């Protein structure tokens, strides 16, 4: 065999070996992806099996004990899963995606203008800042669950769904103090749907939430009422931002201005409607009664902005007086 032929033979062998190595690595990577997807699916299925009972526990004290036990089990599995597949312990894949999207949008901005003068930059549903804030709000709640600090101040169950009021505090975000109530809804109906444009599967969650707040004085007399309607923020698929967020959860948040100084109690009624793919509706109601802390109230000289006066019946304003009026008179002997 001539020298040139021998060199050619070596090149061919090296090329075949290279192709084989690339193919083997690609196959190994595909197997790893399938293993990761299967492990994630098992963890999610096991979680859903346990959550059915947790959603229906009638007593809040028992629910708090059970949900803490659930989170301990669940996040031990999550941490082991992410360690096994070498995933970030910071759960920040969505932030990496945002950075990549931002870089792509910047590249598009640098492209030459189209003949009609327009740019090829696609309109974004949210600005990068808004998307980051949306993630931060979810991550804060996720960390609370992950570290055993999930202790909602109210929890109720109805129609197979559970609603938690996680905290109630005053935030100065946006320039003025506002009362903030983050909610967690467990068990709303979900189904997968083919996207008309991309053909990919997307998750659709049915959860219409509305709220009414009755503000009472120390004697139980109605001072004011707020019909809040839908929450200002709602995240009906948290797994989009953090893949291992506990399944079948909807996050929501209400915010409202501080209340008049004479308010001592609050009755909040949350209504939830969830439509099943089979056609039925689940209509759930949750009532939370709470004392109004001092930081929720307006200070001296401050007015309640946006308030409107309305005429209400005695039954609405003062149930105690209404009950007294209906009571039969006692006969004297």
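The values are calculated or read from the model by the stated rules, or taken from the named source; none is laboratory data. Worth saying up front: this structure is predicted, and the values here are computed from it rather than measured. Cβ sites come from the backbone with ideal geometry, for glycine too, and all protein chains shown count toward neighbours.
Quick one: in the stretch 193-207, of everything that is over 25 Å from residue 140 (Cβ atoms) and at pLDDT 85 or above, which residue is surrounded by the fewest Cβ atoms within 10 Å (Cβ to Cβ)? Reasoning before the result, please.
Initial filter on the stretch 193-207 (over 25 Å from residue 140 (Cβ atoms)): 193-202, 204, 206.
From the residues that got through so far, the ones that are at pLDDT 85 or above too are 204, 206.
Numbers: 204: 13, 206: 18.
By that ranking, first place goes to 204.
If you go through the stretch 214-249 and keep only what is out of contact with any helix residue (DSSP H, G or I) (no Cβ under 8 Å at 6 or more places or on another chain) and in a strand (DSSP E or B), you end up with 214, 215, 216, 223, 224, 225, 226, 227, 228, 229, 234. For the stretch 256-272, the set of residues classified as part of a strand (DSSP E or B) and modelled with pLDDT of 95 or more consists of 265, 266, 267, 268, 269, 270, 271, 272, listed by residue number. For the stretch 42-72, the set of residues classified as closer than 15 Å to residue 151 by Cα, out of contact with any strand residue (DSSP E or B) (no Cβ under 7 Å at 6 or more places or on another chain) and assigned to a helix (DSSP H, G or I) consists of 54, 61, 62, 64, 65, 66, 67, 68, 69, 70, 71, 72, listed by residue number.
A count restricted to the stretch 86-124 and to residues that are surrounded by fewer than 13 Cβ atoms within 10 Å (Cβ to Cβ), part of a loop (DSSP other than H, G, I, E, B) and at pLDDT 75 or above stands at 4. Taking first residues from the stretch 32-47 that are farther than 12 Å from residue 243 by Cα and partners that are in a helix (DSSP H, G or I), the Cβ contacts under 7 Å between residues at least 6 apart in sequence or on separate chains come to 39/81; 47/74. Only one of the numbered conditions (1) surrounded by fewer than 16 Cβ atoms within 10 Å (Cβ to Cβ); (2) free of Cβ contacts under 8 Å to residues at least 60 places away in the same chain is not met by residue 220, and that is (2). Scanning the stretch 273-299 for residues that are in contact with a strand residue (DSSP E or B) (Cβ under 7 Å, 6 or more places away or on another chain), outside any strand (DSSP E or B) and under 14 Å from residue 205 (Cα atoms) turns up 276, 277. Restricting to the stretch 149-171, name every residue that is surrounded by fewer than 20 Cβ atoms within 10 Å (Cβ to Cβ) and within 18 Å of residue 276 (Cα to Cα). Matches in the stretch 149-171: 158, 159, 160.
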